[in-house]
Amino acid sequence: MLAVAAAIVFATELSAHRRDEYLQAARVAIDVAAVQLELDLTPGIALAETIIADIDRNGDGALSVDEQRAYGDAVVNALTLQVDGTPLRAQLGTTSFPDLDAVRRGEGTIRLQSTAALPRLSAGAHQLLFRNRHHPDSSVYLANALVPASRDVAVTGQRRDGDQTELTIDYVLRAAPATPVAAWLLGSFAAAAMLWLAVVRRSRSAG
């Protein structure tokens, strides 16, 4: 339900942003081992040519795959991610770029997905910091945490600064189940202990 509500808010803001704004909407999904980021970037009409020029480096009027990836990398490199004060590095994943005519009409949205691996964390409370400083001069920012897909993660709070360039997410990591290797070792120890007890009992009976 929270994810649906966030999507509705984002859609409303996307349709209402001004001609001279670069709307950057971020959705942050926390899992046990990684953070997933989804960014929707929509330049207003007055900024369209500036953004197109930033992407179309050779000025040929077309956005090549390399130009799209280079711009996506630039956006991701302007992001800050930290968990409990430890920096994380996001890697650009899939990208989607609109038709340039749609951008010029203020209707084109660039969509970027990226992932940052999390270190192994203990069970309990943790804090994730997300900060977006891409194109700060004329941008309007939105940021929201999504409902975690894993039952082992629970978001307990969200805090934003005044312009939403920064989002702090409080979450709880529940105790993770034993890994297959750990479970196998425990089973082996239990079997060995049972065998030892059986041998001791037999020895006592024989005596």
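Once amide H atoms are built 1.01 Å from N in the peptide plane, which residues 5 or more positions from Val147, or in another chain, come under 5 Å H to H?
Ala3
Run through the range 39-129 and list the trypsin sites (Lys or Arg not before Pro) located in a DSSP loop whose Cβ has at most 15 other Cβ atoms within 10 Å.
Here the trypsin sites (Lys or Arg not before Pro) that fit, given the DSSP loop and packing criteria, are Arg57, Arg89, Arg105, Arg120.
Can you give the extra length, in nm with one decimal, that the chain gains between Ala70 and Thr94 once fully stretched, where that is 0.36 nm per residue apart less the Cα-Cα distance? Could you put the intermediate results ahead of the total?
Details: separation 24, 0.36 × 24 = 8.64 nm, distance 1.26 nm.
That works out to 7.4 nm of additional length.
Using Cβ counts within 10 Å as a stand-in for footprinting exposure, how do Val75, Val103 rank, fewest first?
By the 10 Å Cβ count, ascending, the order reads Val75, Val103.
We did not get these values from a lab; they are worked out from the coordinates using the rules stated. Owing to the predicted nature of the structure, the values given are computational and were not obtained by experimental measurement. Reconstructed Cβ throughout: ideal geometry from the backbone, glycine too, with neighbour counts over all protein chains shown.
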